[in-house]
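Following: one structure in structure tokens, then a few remarks.
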Amino acid sequence: SAGVVIIGGGQAGLQVATSLRQGGYGEAIRIIGAEPYAPYQRPPLSKAVLSGEAGVDTVPLRGQVFFTDNRLDLVTGRRVEAIDPGSKTVTAGADTIAYDHLIIATGADVRKIPVPGADLPGVLYLRGLDDALKLKEALTTPRNVVVIGGGFIGLEVAASATKLGSSAVVVEALPRVLARSTAPAMADAIVRRHTEKGVKIMTGAGVARIEGEGKVSAVVLSDGTTLAADLVVVGIGVVPAAGIAKAAGIDTDHGIVVDPLLRTSAPDVFAIGDVARFPTRFAPRPVMVESVQNAIDQGKAVAATILGKGAAYDAVPWFWSDQFDMKLQTTGLAFDIDETVVRGDADSLAFSVFQLKGGRVIAVDSLNKPADHMIGRRLVAAGAQLRTEDLADPSYDLKRAAM
Ligand code: FAD
């Protein structure tokens, strides 16, 4: 039998391989990854590895011996160019590789900024290890950094750059940072801390162009403001790497469309991680979720399905971000929120925001409050109905409520 072929040696691809072997799968498992590295963690690339608090040696997810011991056939530096669901094969260079089950775990690519000057040297992006090494190198000398995009990656890069002695300005087009992912009260607290640490955050600020002679020297905003910059980092989101699936006639809708078992429209072809658009009871419509949690849990879920023990994917979404002395943790997906409750002091560096819809807790953001986060996951999973005055009362025993 042809066994399993996994396209993409990232967080999700490695997880499905690992869970298959742990579950007793006996056939061949091939992981084909485009990057020249064995699977590694991306989160530290904008945090401890970028700021120098952790070495690059800490990023690999598994050592070489793990792949040998588990008979995982890992090919790096190889891009799968085509999928043929009819013959159940994929093509990579001169090779045609057959599969019984195919898992597409190709992740996402950075969204490029479509403004003049975007190709100038000194305009960088951050997705992979190579990007991180380039950025780290650029930050060995103090710089005037302009970060375009006030999402997690942008804010983490601004914090890491500041720690290394650079000055950072974050430019966000929307009226506030972290608009897609956190409650306003939480975003405000994060902005306050960045400002105290010397980061300048500009919201409602569109970028008109990037300027420079041979290398970047400034970012010009739509209102004409010119920001001096000898390094620009663009963090304006990602585009799911769904091209090969689309070309193969597999249903896509920005990402690869999957059913509750994470199956694509092609027989025995699954999609997981950042590239998958999946239905979930935690959102009113199918979503893509870019997180380690989602990559891992979907990898486990597909392995279970291939092993004949599958069930609808139902994991609670959660995420974290580290910026300066802030550990932000979120759980749930904040769609159509109609009530927001702050628990603790929103002017401090330790509090949580509970977001409700129809009286149910559907998302919780916690700042330096890991216990609230853990309870939050249970409340979100249960769709718990709690009174807002109880949620807001620090003496109210949330843990018991979550039982
Ligand atoms: P990836 O890890 O991106 O892996 C996909 C792999 O597939 C890539 O190596 C790619 O090169 C390869 N590939 C693509 N196309 C092909 C092809 N045709 N053939 C072969 N290989 C191919 N998440 C959190 O939860 N918390 C965090 O704090 C956090 N911080 C992050 C910081 C950074 C800088 C980045 C970039 C991401 C961060 N994330 C974080 C998100 C998290 O890393 C991703 O959600 C996760 O890596 C997704 O896993 P994946 O396997 O779907 O994709």
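The values are calculated or read from the model by the stated rules, or taken from the named source; none is laboratory data. Since the model is a prediction, treat every value here as computed from it, not as a measurement. FYI the Cβ positions are ideal-geometry reconstructions off the backbone, even for glycines, and counts take in every protein chain you see.
Brief remarks follow.
- Top-ranked residue of region 57-71 - restricted to ones that are under 19 Å from the mean Cα position of the chain (by Cα) and in contact (Cβ under 8 Å) with a residue 24 or more places away in the chain, ranked as nearest to Ser166 (Cα to Cα): Val59
- For region 85-116, taking the residues that are aliphatic (A, V, I, L, M) and within 30 Å of Arg209 (Cα to Cα), the one that is farthest from the ligand (Cβ to nearest atom) is identified as Val115.
- In region 117-148, the residues that are of a type outside the set (Asp, Glu) and away from the ligand (no atom under 16 Å from the Cβ): Gly117, Ala118, Leu120, Pro121, Gly122, Val123, Thr140, Thr141, Pro142, Arg143, Asn144, Val146
- Whichever residue in region 280-316 is closer than 24 Å to Val59 by Cα and either modelled with pLDDT under 95 or in contact with a strand residue (DSSP E or B) (Cβ under 6 Å, 6 or more places away or on another chain) (or both) and, among such residues, is farthest from the ligand (Cβ to nearest atom): Gln293
- Flag for Val258 being touching a Ser or Thr at 6+ places or on another chain (Cβ under 6 Å) and within 17 Å of Ala315 (Cα to Cα): yes
- Answer from Thr68, Thr58 - the residue that is under 16 Å from Asp130 (Cα atoms) and either among the small types (Gly, Ala, Ser) or loosely packed, with under 14 Cβ neighbours inside 10 Å (or both): Thr58
Residues are listed down the side, and each one gets a yes or a no for (1) crowded, with 20+ Cβ neighbours inside 10 Å; (2) in the same structural domain as Val123 (by TED's automatic domain parsing); (3) not small (Gly, Ala, Ser):
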{"position": "Gly151", "(1), (2), (3)": "yes, yes, no"}
{"position": "Val157", "(1), (2), (3)": "yes, yes, yes"}
{"position": "Gly165", "(1), (2), (3)": "no, yes, no"}
{"position": "Val170", "(1), (2), (3)": "yes, yes, yes"}
{"position": "Leu178", "(1), (2), (3)": "yes, yes, yes"}
{"position": "Met202", "(1), (2), (3)": "no, yes, yes"}
{"position": "Ser217", "(1), (2), (3)": "no, yes, no"}
{"position": "Lys246", "(1), (2), (3)": "no, no, yes"}
{"position": "Asp253", "(1), (2), (3)": "no, no, yes"}
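- Qualifying residues in region 26-83 (those that are in a helix (DSSP H, G or I) and acidic (Asp, Glu)) - the one nearest to the ligand (Cβ to nearest atom): Asp57
- Note on region 1-25: residues that are touching a strand residue (DSSP E or B) at 6+ places or on another chain (Cβ under 8 Å), in a loop (DSSP other than H, G, I, E, B) and more than 15 Å from the ligand (Cβ to nearest atom) amount to 3.
- Restricted to region 317-367, and to residues there that are part of a strand (DSSP E or B) and hydroxyl-bearing (Ser, Thr, Tyr), the residue that is farthest from the ligand (Cβ to nearest atom) is Thr340.
- Among the candidates Ala158, Ala94, residue that is over 20 Å from the mean Cα position of the chain (by Cα) and farther than 24 Å from Met288 by Cα: Ala94
- Qualifying residue in region 180-190 (condition: under 15 Å from Gly235 (Cβ atoms), in contact with a helix residue (DSSP H, G or I) (Cβ under 8 Å, 6 or more places away or on another chain), more than 16 Å from the ligand (Cβ to nearest atom) and modelled with pLDDT under 95): no
- Check on Ala247, within 11 Å of the ligand (Cβ to nearest atom), under 29 Å from Ala132 (Cα atoms), among the small types (Gly, Ala, Ser) and touching a residue at least 40 places away in the same chain (Cβ under 8 Å): no
- Unmet criterion (only one of (1) farther than 30 Å from Ala38 by Cβ; (2) of a type in the set (Ser, Thr, Tyr); (3) touching a Leu at 6+ places or on another chain (Cβ under 7 Å)) for Ser160: (1)
- Checking Ser265 against (1) outside the structural domain of Gly13 (by TED's automatic domain parsing); (2) without any contact (Cβ under 8 Å) to a residue 60 or more places away in the chain, the condition it does not meet: (1)
- Whichever residue in region 255-284 is of a type in the set (D, E, K, R) and over 19 Å from the mean Cα position of the chain (by Cα) and, among such residues, is surrounded by the most Cβ atoms within 10 Å (Cβ to Cβ): Arg263
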